[in-house]
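Trainee: Here it is, the structure in full.
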Amino acid sequence: MPASPAHREAGRGRIAPIAIAVVVLAVLVALGAAVLAFRYPARAARFDVNARILAPLPAPTTRARLTSWNHPDSTGQFTWQLGDTAGTRFSPLGEITSDNVGRLQQTFTFDTGLKRGHEAAPLVVGTTMYITTPWPNDVYALDLAKPGAPIKWHYQPKPLPAAQGVACCDVVNRGAVYGGGKLYFNTLDGQTIALDAATGHEVWKVKLAEINRGETITMAPLLAEGRVLVGTSGGEMGVRGSLTALDAGSGAVVWKAYSTGPDKDVLIGPEFHPPYPAEQGKDLGVSTWNPDGWKIGGGNPWGWISYDPELHLIYYGTGNPGPWNALQRPGDNKWTAGIFARDVRTGQARWFYQSSPHDLFDYDDINESILVDLPIGGALHKVLIHPARTGFLMVIDRETGRVLSADPYSYINSMTGVDLRTGRPTMNPDKLPQSGRVTRDICPAAPGGKDWNPSSFSPLTGLIYIPHNNLCMDEGDVQTNYIAGTPFLGTEARMYAGPGANRGLFTAWDPVARRKVWEIREDLPVWSGALATAGNVVFYGTMDGWFKAVDARDGRLLWKQHLVSGIIGMPMSYRGPDGRQYVAIFAGVGGWAGGIVAGALDPGDPTTALGFVNAMKDLVKRTDAGGRLYVFALPR
Amino acid sequence: MSSLSRARLALLPLALLQLSLLASCGRETRDYRSNMLHAQNRAADFRGNAYHIAQGQRLFGWMNCSGCHSHGGGGMGPPLRDAKWRYGSSMDNIVQTILNGRPNGMPAFRARITEDQAWELAAYVTSLSIRTRKDALSARGEEPANVEPPTLDERKNPRAVSGKQDAAEKKVGTQ
Amino acid sequence: MMRASAPLPSLLALFLGACHGVQTSASGDGTESLRIGNLFGLFLGTTGVVYLIVLVLLAIAIKRGTRHRACGSGLQGEPPSHLENRWRLGLIVFTGATALILLLLSLATFLTDRSIARAAGAPTVEVEVIGHQWWWEVRYRDPVAGRTLHTANELHIPAGLTTQVKLSTSDVIHSLWIPNLAGKQDLIPGRKTDVMLHPLHTGLYRSQCAEFCGMQHARMALDVTVDSPADFARWYDTSLKSPPIPTGGLAYAGFQIFQNRQCASCHNVADTPASGMVAPDLSHIASRRTIAAGTLAMSHANLRSWIADPQTPKPGNQMPKVTLSPAELDALTAYLETLK
């Protein structure tokens, strides 16, 4: 009932002090909120919640399981970036559990003194920890047996400074591999170096890339059957990709397989039996390109290699074709943006599957392939699980290369599905990039549903833990020019958050039931690797510097710690000389996603860093550049 | 008012127009082969010239500068829109950087472009961050409509990076 | 009448002069231009006849008017009724005839349009033509990507077959017009347009950018060669082959200069490190009829002078003047002349 004028007149005297108080209070609250909002932008808090449960955990009988030959190292050593050659990133150490992880404490830190992206995981062998850094690619050995883990030795390869100028997307390095008393790693300027792990002395050094042609190496080599496997980087510079097998003892080249060109260069011979017709034929690495296009066509295997010792096969992905502008390279552009299976002894290709034929959106196929066995229809299938850049989670028969299933784990509108009869993705005609005009809202964006940062698999839950992106982009093509040693792109992109406004996701996926079990929405792209442990804990980091432990079964946040810089590194776990379980992670934001901080890029230009900066404008306010290794353990 | 003064008054706008036309004479001079004429004041001649800036913008795409430096925001290479210049901000410094390269990754373009083209590139690069006469700036975006043409952008001018200014920028960024 | 007829022969000569040659719309060398030419002829004939009839009637009217005035019957009085009926009938016939003629011309236009569309059919050759300031980039498409062909400023098409020319531009609006074969079609930034070519016989033609596109619009020509299908296939296969790298002598010196100097940053020569993509492909430059999009005829002297200073014959074009010694010029010219 409206008050009469007289009433209001009479009431004014009494109400006034209360009103003033209310107004003052409101102003104070608003000010406080504004200060808080400035320090912690609202969107940061909005997604910082526990996982959304989407499906029940798989029953023990219908769980994906480790391959029969894969016995995780229970001594607690960590000798390869993906933990084992099956690429599971699973630690069999169970001292830290979902019940006690909340008490995790920092035990020591190590500063590299560098302020670029730190993507590598440290390795631990015996009582020594080995650390590789981004350019200038120094290697440190820390003595874990002594308090504070002092430096045992320090190796400086002194790579050419000019290599920084041809390294696409920060001067990162993805770490080393240990085997037979030696440590193998790559430098940005294209050298593979073997060090004596005990002394840090150089055993051999081989140059595999030429920076004047735009070639660099950022990947972590894999050691398999006495061969060190090294792939080139440079998909943005018109580099013809190749994978080289070096003799672990001497560094001599055993074989070298290119990703484009005639069959003899690609090591395609009588053993090659691709399952789909599009890969069958002679010299497709030449005929599926415009003339000469294959010579500058990319396909760099700069990502992860898995190895099946039973089949003697290695599995690795090839990068995007060059240039990005697809109008300048008609054809399927074999053998780029696909997965190769090769005999590790001879290098001969066994099968190939192309995830993105005639790639339009920089969907490199270099992501990890996790080798597991899946119980499907009562029988165990030898498969590889590949969360591809396209946004599809590919389950592929690792003996034949046939696709068993392809389901979106990320939001996709650039493709409508994968035809299981031909293996080919069906393209969405509305999202084709065009010359001189912009195609809007292409999902996933160029970094894909997931980029290089490896997932993890836990045999305890049968789930794959996928750290990934939720990004879309606008893209238009422009004519590009090839000049050796300069970029070869021809695409203008601008990225932004995908549906839901969160830019990252951390997803637990059941590969047997082919569905998400739970999912955590992260505000920023999740650019760190994942690690699952026998204690049912999964570790990952965020780009604003939070190192998180979540429950492997339901994604519940168990523990988190804020680190000095954003996290794009890979967590690892080891057993220390004292018998305790430790967890280590690098904080050091950078990479393609973090270039705005590590490279001090200008967000005023939305095409900066191939359009990624447009999606990361707020990162400068949320983290600083840095390079510090953190090691955590339970209190004694 | 006498008819004479009225006529004079009418002439005034015409005279002004003529003056303004004269003022813009230099901005469009097209030198297809710069030569010794430029030896005296090369930097100024290239910097204030619309034709050279537009040519520089074209070359910025053709020589793949945009692959590393984007449209001035950087990427594989440092940003060019800010006031930080590792190797000096003068036209001469920039031309030297382009022609001879720099040790941390900038490749040398000496055998890839002519010296005149390097000056045109420098004129364009300079116009990204340093105040250039407005009527000489290119209104054309080289990218497919993804970015506003540079003239519509507010240009960052060389400035001492003060905390106050940074805070103000951050504030804008949060919105 | 007498005064008007004096310039007529010269005017006629001018018109007929355009009926022959490499750049005329009156020759009817392609299905489209032929049909359009026929339609134009029909229009010209019909309207010409009507025009003559009107002139004749006008002459009669003037003559009769003078006679009437002379007779004194004048126009003051009412015309006799039989005359009025004749006029009325004449008027009706005239209006009817006009309507009928217009209807027939519309029908002819419609039928021509349909027949051109039908004649085009499914193209056997697909070629992209991209306009640049101020030259033409030409890319032949093939289902086998390895057989796509890249060239510039020359268009080879087979006689008797349909070629679809897809048009786009890298900078401003251009317009492709091969008058001997077909009508104009604009090249518009950010859009795809196309034109169907169906040449009836072999021949050499010239096309000229038909939309003002800047400083050197006038020197943006495209040489069009219509070959027999067999010759076209032969030309295509030859063009797909990479030119051999000279093994020695002056040409080899020129090859070195080409690779190590500014040439290679913009130009492509197949199967060499030079892979520039922003200037005309030079893999087979020596087999072309002209230099710089029809600016100069292909000859040793012209090629050399063009490289020495491209800004004199075509000021403002994007090829810079590269400082080269006379010996270097000789070597470079010798090398380019091997690119057949």
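The values are calculated or read from the model by the stated rules, or taken from the named source; none is laboratory data. This one's a predicted model, so the numbers in the text were calculated from it and none came from an experiment. Counting neighbours? That spans all protein chains shown, and the Cβs are built from the backbone with ideal geometry, glycine included.
A quick yes/no check of all residues on (1) assigned to a strand (DSSP E or B); (2) away from chain B (no Cβ under 14 Å); (3) buried (at least 24 other Cβ atoms within 10 Å of the Cβ):
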| residue | (1), (2), (3) |
| --- | --- |
| A:LEU505 | yes, yes, yes |
| A:ALA513 | no, yes, no |
| A:GLU519 | yes, yes, no |
| A:GLY529 | no, yes, yes |
| A:GLY569 | no, yes, yes |
| A:ASP602 | no, no, yes |
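Trainee: Another question about this same structure. What residue, among those in the stretch A:273-297 that are more than 14 Å from chain C (Cβ to nearest Cβ) and in a helix (DSSP H, G or I), is farthest from A:GLU236 (Cα to Cα)?
Mentor: Ranking the candidates gives A:PRO277 first.
Trainee: How many residues does the stretch C:314-331 hold that are touching a residue at least 60 places away in the same chain (Cβ under 8 Å), within 14 Å of chain B (Cβ to nearest Cβ) and of a type outside the set (Asp, Glu)?
Mentor: Qualifying residue count, the stretch C:314-331: 7.
Trainee: Taking the options A:PHE392, A:PHE361, name whichever one is out of contact with any Lys or Arg (no Cβ under 9 Å at 6 or more places or on another chain), closer than 18 Å to A:GLY449 by Cα and not β-branched (Val, Ile, Thr).
Mentor: It is A:PHE392.
Trainee: Counting only residues that are under 25 Å from C:GLN311 (Cα atoms) and facing chain A (nearest Cβ under 10 Å), which one in the stretch B:71-112 is farthest from the chain's Cα centre (by Cα)?
Mentor: This residue is B:ARG112.
Trainee: Continuing with the same structure: Considering each residue of the stretch A:65-92, count those that are among the basic types (Lys, Arg) and crowded, with 19+ Cβ neighbours inside 10 Å, and give that number.
Mentor: Adding up the residues that qualify gives 1.
Trainee: Counting just the residues of the stretch C:266-296 that are within 12 Å of another protein chain (Cβ to nearest Cβ) and in a strand (DSSP E or B), which one comes out farthest from C:CYS209 (Cα to Cα)?
Mentor: Result: C:SER275.
Trainee: For the stretch C:179-219, name all the residues that are without any contact (Cβ under 8 Å) to a residue 60 or more places away in the chain and outside any strand (DSSP E or B).
Mentor: Answer for the stretch C:179-219, where residues must be without any contact (Cβ under 8 Å) to a residue 60 or more places away in the chain and outside any strand (DSSP E or B): C:LYS184, C:ILE188, C:PRO189, C:GLY190, C:ARG191, C:LYS192, C:THR202, C:ALA210, C:GLU211, C:PHE212, C:ALA218.
Trainee: Can you pull out the residues in the stretch A:243-272 that are part of a strand (DSSP E or B) and among the basic types (Lys, Arg)?
Mentor: Within the stretch A:243-272, just A:LYS256 meets the criteria.
Trainee: On to the next question. List the strands (runs of 3 or more DSSP E) inside the stretch A:127-170, counting only whole elements, that have at least 3 residues being under 22 Å from the mean Cα position of the chain (by Cα) and more than 12 Å from chain B (Cβ to nearest Cβ).
Mentor: A:128-132
Trainee: Next question, about the same structure. Can you pull out every residue in the stretch C:146-174 that is more than 14 Å from chain A (Cβ to nearest Cβ) and touching a residue at least 40 places away in the same chain (Cβ under 8 Å)?
Mentor: C:ASN153, C:GLU154, C:LEU155, C:HIS156, C:ILE157, C:PRO158, C:ALA159, C:GLY160, C:LEU161, C:THR162, C:THR163, C:GLN164
Trainee: Determine, yes or no, whether A:ALA55 is of a type in the set (Gly, Ala, Ser) and touching a Lys or Arg at 6+ places or on another chain (Cβ under 6 Å).
Mentor: It is true that A:ALA55 is of a type in the set (Gly, Ala, Ser) and touching a Lys or Arg at 6+ places or on another chain (Cβ under 6 Å).
Trainee: Also, I was wondering about something else. Can you spot a residue in the stretch C:164-180 that is modelled with pLDDT under 95, more than 26 Å from C:MET319 (Cβ to Cβ) and surrounded by 21 or more Cβ atoms within 10 Å (Cβ to Cβ)?
Mentor: Yes, the stretch C:164-180 contains a residue that is modelled with pLDDT under 95, more than 26 Å from C:MET319 (Cβ to Cβ) and surrounded by 21 or more Cβ atoms within 10 Å (Cβ to Cβ).
Trainee: For the stretch C:313-340, name all the residues that are part of a loop (DSSP other than H, G, I, E, B) and within 25 Å of C:ILE130 (Cα to Cα).
Mentor: Residues satisfying the conditions are C:PRO313, C:LYS314, C:PRO315, C:GLY316, C:ASN317, C:GLN318, C:MET319, C:PRO320, C:LYS321, C:LEU339, C:LYS340.
Trainee: Within the stretch C:92-122, how many residues are farther than 18 Å from C:PHE43 by Cα and of a type in the set (D, E, K, R)?
Mentor: Here the count works out to 1.
Trainee: Okay, moving on. Tell me which of these C:GLY254 doesn't satisfy, since it passes every other one: (1) touching a residue at least 12 places away in the same chain (Cβ under 8 Å); (2) surrounded by fewer than 22 Cβ atoms within 10 Å (Cβ to Cβ).
Mentor: That leaves (2) as the condition not met.
Trainee: If you check C:LYS184 against the conditions, is it at pLDDT below 90 and in contact with a Leu (Cβ under 8 Å, 6 or more places away or on another chain)?
Mentor: Answer is no for this residue.
Trainee: Ok, one more. Look through A:GLY498, A:GLY555 and report the one residue that is in contact (Cβ under 8 Å) with a residue 24 or more places away in the chain, farther than 21 Å from A:ALA55 by Cβ and either in contact with a helix residue (DSSP H, G or I) (Cβ under 6 Å, 6 or more places away or on another chain) or away from chain B (no Cβ under 14 Å) (or both).
Mentor: Checking each option against the conditions leaves just A:GLY498.
Trainee: Please state which of the following conditions A:VAL597 fails to meet, knowing it meets all the rest: (1) at negative phi; (2) surrounded by fewer than 24 Cβ atoms within 10 Å (Cβ to Cβ); (3) more than 11 Å from chain B (Cβ to nearest Cβ).
Mentor: Answer for A:VAL597: the failing condition is (2).
Trainee: Moving on to the next point. Do we find a residue being under 23 Å from the mean Cα position of the chain (by Cα), buried (at least 19 other Cβ atoms within 10 Å of the Cβ) and assigned to a loop (DSSP other than H, G, I, E, B) anywhere in the stretch C:297-308?
Mentor: no
Trainee: Based on this model, can you work out whether B:ALA50 counts as within 14 Å of another protein chain (Cβ to nearest Cβ) and at pLDDT 75 or above?
Mentor: Yes, satisfied.
Trainee: Every residue in the stretch A:441-485 that is closer than 30 Å to A:THR67 by Cβ and within 14 Å of another protein chain (Cβ to nearest Cβ), please.
Mentor: Listed by number, the list holds a single entry, A:PRO447.
Trainee: Now, a different point. Can we say C:VAL195 is within 28 Å of C:LYS314 (Cα to Cα) and crowded, with 19+ Cβ neighbours inside 10 Å?
Mentor: Against the criterion (within 28 Å of C:LYS314 (Cα to Cα) and crowded, with 19+ Cβ neighbours inside 10 Å), C:VAL195 does not qualify.
Trainee: When the residues of the stretch A:381-419 are narrowed to those that are among the aromatic types (Phe, Trp, Tyr) and part of a loop (DSSP other than H, G, I, E, B), which ends up surrounded by the most Cβ atoms within 10 Å (Cβ to Cβ)?
Mentor: Here the residue is A:TYR409.
Trainee: Quick check on the stretch A:322-330. Is at least one of its residues free of Cβ contacts under 8 Å to residues at least 60 places away in the same chain and of a type in the set (Phe, Trp, Tyr)?
Mentor: no
Trainee: Can you give me the ranges of the strands (runs of 3 or more DSSP E) entirely in the stretch A:420-498 with at least 2 residues that are crowded, with 24+ Cβ neighbours inside 10 Å and modelled with pLDDT of 90 or more?
Mentor: A:456-458, A:463-469, A:471-477, A:491-497
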